[in-house]
Structure formats: C-alpha cells, structure tokens
Number of protein chains: 2
Amino acid sequence: MKVVIIGSSGHYNYAIEGIREDRDVTIVGVAPGSEGEDVSPAYRAACKIGHVPKVYDDYRIMLDEVKPDIAVVNCFFGHHARVTMQVLERGIHAFVEKPVATTFEDLEQLKEAHSRSGVHLAAMFGIRYSAHFITAWNLVKDGVVGEIRLMNAQKSYKLGQRSDFYKSRSTYGGTIPWVGSHAIDWLYWFSGQKFESVFASHSTRYNLEHGDLEVSALCHFTFSNEVFGSVSIDYLRPKQAPTHDDDRLRLVGTRGVLEVRNGKVYLINDDIDGIREVPLLPKQNIFIDFLRQIRGEGECLVTVHDSFYVTEACLKARQSADEGKVIRF
Amino acid sequence: MKVVIIGSSGHYNYAIEGIREDRDVTIVGVAPGSEGEDVSPAYRAACKIGHVPKVYDDYRIMLDEVKPDIAVVNCFFGHHARVTMQVLERGIHAFVEKPVATTFEDLEQLKEAHSRSGVHLAAMFGIRYSAHFITAWNLVKDGVVGEIRLMNAQKSYKLGQRSDFYKSRSTYGGTIPWVGSHAIDWLYWFSGQKFESVFASHSTRYNLEHGDLEVSALCHFTFSNEVFGSVSIDYLRPKQAPTHDDDRLRLVGTRGVLEVRNGKVYLINDDIDGIREVPLLPKQNIFIDFLRQIRGEGECLVTVHDSFYVTEACLKARQSADEGKVIRF
C-alpha cells in the first residue's frame, strides 16, 4: 500500500509509528499542504524508518503522479479541509489531522466530498489509543461506572514559541478546535450521547504575542439524557512542569467515578473499597486501526461520523465563545 | 456574649468549634427555625462543650426573651432568609448557613433588612478556613500563580439517605445553591473578579427517590477581565469512597497552576521544578473570625458583600439551569 504525507504541521508521527510496524506499507511521497510549509520533519521521519519518499512542491501533482492508497493530511490547520477534499476527489483514503475543518462551510463541503468518494476518512484522535484512555474506555464499556452523568475534561499545554501560522485564526482555526477537539471527542466517545448545546468562552489575553491564539478557554456541553460535560483548555502550563501536557478526564456515573490523570487511571465504584489505580492495557496506534478498516479487517475506533460530528461540536463551541451565546445542535 | 442556635440542619458545628475555644461566649438557647425541625443535635453539641441552652419551640420568642448578641441560623435551607430577617430586625448579629436566601425576592428583602440593622452578617463559607484552602489563599495572595485566568472547581458528595426537606425545592433550594455555593464562592474569592454571566445545567435523574434534588450539575461562569470558571457538582460519589466529599479547585494563572485536591495543595510555577506539594498552614475557624469582627478586632474573611453576592450568583446559576439560558449579572 502506498502512503503520501501532506504537510508536517501536525501528528504525522501517528502514521510513522504505525507504518514502522507494517512491511506492506510504503511512504512514497511528501509535499507541503500549505504555502510556505516546511515538510523536512516528515521527510526525515520517513527516512528514519527506512523509507525514501520523493519530495514534491505541489501535493496535487504528487497525488496524480503517485496515485497513493492513503494520504496523511497535516498541513496548517485551516487548510485541512481544502487539502482533504482534493484527496477524496481522487478516491484516496484520508487520515487527517483534527479538526478536519475550521469553518462550517469547509466542513459541509468536506462531508459532501466524502459521501461521493467511497473511501475512508478518520480524524487523528490518537489520544483515544493511549494506554490510559484505552484502559478507561474498556472499563467504561464493562460498566464499571454505570450510566455516565457528568464529565470534566482538561487539556493544558505549555505555550512555548509557536509557528507563525498559530497566530492567525485563518490558518490556526482557534484553540477550542485545535487543543480542545481531543477533550470534546472524549466527552462524546465515552458518554455515547448526542450533543445538544454548548456554551463556551475563550480569551487571547496573556498570549505572549501569539496574535489570535486563545490561551484560555472553557466549554460547557449538554448532551442527550441530561448528561453534562465541561472542557477546560489552556496554554498556561508552566515551563518547569514535568510534562508538556496535562490531559485529564473525570467520568461520574451512577455507580462509580473514573479518572484519567497523569497518564494513570483511577476508579472508585460500589464494588471496591477506596480508590483503585487500574493496571494499564498496552497502548495502540490509530494508524494501524485505520489500515485495518481499509483492509476490511474491522472498523476503526474513530469513525467517519465521529470525525465530522466532533469537528462540528468544536466549531459550534468556538462560535459560542466568539458570540457569547448558547449554540444548539 | 450570648449566642442562640436556630435550627440544626446545617453547619452549627462551626459555631460549636469556635465557642469551645472562647470562654466569653455562652450558648443560651436553641430553637427550630423550620416547622418539624429536630434541634436535638445542636442541643447535644452545645451540652457536650459545657453549655446548657434552654430549648424553645419558637425562635422569635427565644430571640425576644434571651436578647442574644448572635444568632446562628441553620434551619431548612429555604427558610434561612425568613429567619435571618427576624434576627436582623432585632439588631442581632447573624451567622447564617449558606445560601443565605433561596429566592431572589428573599435575597432582596434580606439585603434591605441588613442595611437597616447595623449588625454583622456572614454566610457559613467555612471551607475557606480549612488548612488546604487557607494555604492556597495565602499562596495566591503572594502571587505564586500570577493573574488567575481559568478556574475549575469541584464538589462531589455521597448522597446517602437525605432528610425529607432535601426533596422539595421550597425547603432545599437546589443543589447548585446548597452544594455548589462553596465552589462558586471559591471562584469569586480567589479570582477577585466580578461575575459577568453564568450558564448552568442540572439534573434530578438517578436521585434515588429524592424528589426535586438534583444529583448532577455543571456551571460555567464568566468574570470580568475574561476570566472563566467551571463548577462541577454531584451527589454520585460512591459509598465506598474514602471520604464523604471530594472538594477540588484548580487555579490556572499567568505564572503558575495551583491545585487543591484530597486536602492537599499542589503548585507548579516558573520558580520551581516539577510539582510541589505545599506544607499546609493550620486550619482556622470561621466563627472565631466572625466574633473578631463583632468585637472590632478585624474584618471577617467572609464579608456581608461576599455573603450576598455569592448567593446571587448561586440563584442566577440555578435560574440558568432551570431555564436553559445564559443569565447576565
């Protein structure tokens, strides 16, 4: 199977890690997806695992020449949708950095392009496959917390010095869609409920000359069956903190509370005394799961529907924060 | 100084603990504040620390006969305001269970009664004085997190079997005002900002035959200067959990993140490597602080303004949850 990588601004490493384990996949080309994008990091990563991709200036020419089976799309975030449409129109499977679109118009056009294409598309919700989240997911599916009623999710990042494309809404898309999309995905994925409304806020203050980039944000989602979920997002994690990010999720159910914190999983429920740290399952890889679906060997944990629906939720949350009002689904 | 206790349904123990340390204060009377309220717990607690209060059936007769300096009000929550108005109209200082009112009308009348009275009033925001919160407060005042930008507060309780008055909105007031008020107070107290808006949700589902009592709730506050705060509230803490409650507060600032969790305080900031568990200051007592103000020896950490303002915020959050819309301040 032939893979190309378009762009180098997101998590192409999910694909690199997956391809390293799979001798039947070859990275044949690399090209920028946005003007001025440096693709040397993705090129070097591919070489490092033994592939020798050809480097193109224009990803459309690459797609037409190489005719790959799969395109990994991770250019500037505001261009994901436009590039992915080109991929889908050529009947190529798309493994796309989230959010898959940064405007409602792009999202609608992308959905239409996908429905005409007959190929698979998945957003890079790769954190689902980490040891702690996949462990939590299996526990919740086993019913350890009963019915989920309330959820609190957190994304906290160090800001550092970000590339220029983070500083403009048109190329970056916003902190709720970029950083928050993971957490918004967790709420939806774990609860299994439908989004009903969102109220959100965000602020660019204290962003250390990062233009439009919001460094603090808060979202309040309501779901079907009176399930509620908060998402707290910030780029204010101190430089000296032991890790880049501080991902957390707390799930409060009718018979237990489960928490993901510090890469660990903690459970309190009616069956056990005190708080139990649950042993972790091995981490998995999203790209391997994506390949599995393409090969007809199973359904990818991140479905096309999930990829579009969570993007819609991100954009509605951003709209709520921009306009200061509740947005309904 | 003479103290009476009206009701036995809230945190009269704050007063008991304070009075135990103060030989100049005598508990002279106990009476119910709500019809059918059992005051024997407060009576026994007073006796246990060496006082022999007279028990009255009618708190108004008690107030008129005993002419106390201070009344501790903690009857059914829906009656706090009505009882406290009687206290204030007699020129008696009021130490009142939070929320000090459960309707906007009661709150307005109470404010007017207070402004005519010339006495002190404080809501029982006693958690401010716990070792972990007073330690966090001192750190924040010292600037360890810089400017607070984002806050996440949590109240999680075991439900157990609650008295009947919890099952009706008119006597209980709602979970956001009762359980949430502490957390709403923290957001206001720590940030030092003004409330600007609230969006909230609550649900009575899975409340195990507790009538109107909401077992899950979520609030999203916006404050002045684009500061945001979430409050997550539930009664779903499993029976087997090591403590009754799981109070948490996370404060994200421009130069650090401070967390209160599990009765401990954790700090990450630009001055230290990694995460530091901060040694705790000794806990204090809110009633002793209240006495200090009455004696002209200092200002109580919980001001009259705080007591009313946080109550207003609780009622606006409850209104938002009832009506499903954003409420502005």
Average beta-carbon neighbours from other chains, 10 Å sphere, peptide B:138-145: 0
Surface accessible to a 1.4 Å probe, per residue, for the residues of the protein assembly as shown, Å²: 37 Å²
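If you roll a 1.4 Å probe over chain B with all protein chains in place, what percent of the accessible area is carbon or sulfur?
Details: 5530 of 12210 Å².
Exposed carbon and sulfur together represent 45 percent of the surface.
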Other protein chain Cβ atoms within 10 Å, averaged over every residue that makes up A:312-324: 1
Longest to shortest principal axis, alpha-carbon extents of chain B, angstrom: 60, 43, 43
Label point 7 Å beyond Cα along the C-beta direction, distances from residue A:225 to other copies (nm, shortest first): 4.2
Shortest-first distances to equivalent copies, position residue B:273, nm, label 7 Å out along Cβ: 4.0
Of the DSSP H helices in chain A, those whose Cα atoms cover at least 27 Å axially and whose Kyte score averages 1.6 or more: none
Top of B:305, B:80, B:93 by mean-square fluctuation, Gaussian network on chain B, Cα under 10 Å: B:305
Rg(Cα) / (2.2 N^0.38 Å) computed for region B:117-258, rounded to two decimals: 1.12
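Between chains B and A, what is the buried accessible area summed over both chains (1.4 Å probe, protein heavy atoms, nearest 100 Å²)? Display every interim value, and only then the final one.
On the way: alone 14370 and 14390 Å², together 24440 Å².
Roughly 4300 Å².
May I ask what percent, to the nearest 5, of DSSP beta bridges between residues of chain A are antiparallel?
Counting only bridges with both partners in chain A, antiparallel ones make up about 60 percent.
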10 Å beta-carbon shell around residue B:210, net charge (K/R +1, D/E -1): -2
Anisotropy class of region A:27-73 from Cα gyration tensor, a/c 1.5 cut: oblate
Teacher prompt: residue B:284 distances to equivalent labels in other copies, 7 Å Cα→Cβ, nm: 5.3
Length-normalised contact order for region B:2-119 - Cα pairs under 8 Å, 6+ apart - percent: 27 percent
When the convex hull of its Cα atoms is projected in every direction, mean area for region B:2-119 (nm²): 6.4 nm²
5 angstrom amide H check on residue B:8, placed H, neighbours 5+ away: B:33
Surface/4 of the Cα convex hull for region A:192-329, nm²: 11.8 nm²
Local electrostatic count, residue A:35, Cβ distance below 11 Å [Lys/Arg +1, Asp/Glu -1]: -3
Integer Hz, Karplus 6.51/-1.76/1.60 couplings in order for region B:209-221, x for Gly and Pro: 6, 9, x, 7, 5, 7, 9, 9, 7, 9, 10, 10, 9
Globularity ratio of the protein assembly as shown, using Cα Rg and 2.2 N^0.38 Å: 1.08
Amide H partners (placed H, <5 Å) of residue A:147, local residues excluded: A:254, A:255
Whole-angstrom gap from region B:53-126 to region A:288-326, using each part's C-alpha centre: 53 Å
Kirkwood-type radius of region A:260-308, with distances r between different C-alpha atoms, in Å: 13.6 Å
Sorted peptide list for B:273-283, A:164-174, criterion being average Cβ within 10 angstrom, highest first: A:164-174, B:273-283
Averaged over A:218-225, number of beta-carbon atoms from partner chains that fall within 10 Å: 4
q = 0.19, 0.21, 0.29, 0.31 Å⁻¹: log10 I(q)/I(0) that the Debye formula gives for region B:224-265, counting C-alpha atoms only: -0.73, -0.83, -1.13, -1.18
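The values are calculated or read from the model by the stated rules, or taken from the named source; none is laboratory data. A quick note: this is a predicted structure, and the numbers were derived from the prediction, not measured. All Cβ positions, even for glycine, are placed from backbone atoms using ideal geometry, and neighbour counts span all protein chains on display. Accessible surface is based on the protein model in full, side chains and every heavy atom, while ligands, DNA and RNA are left aside. Shrake-Rupley method; radii C 1.70, N 1.55, O 1.52, S 1.80 Å.
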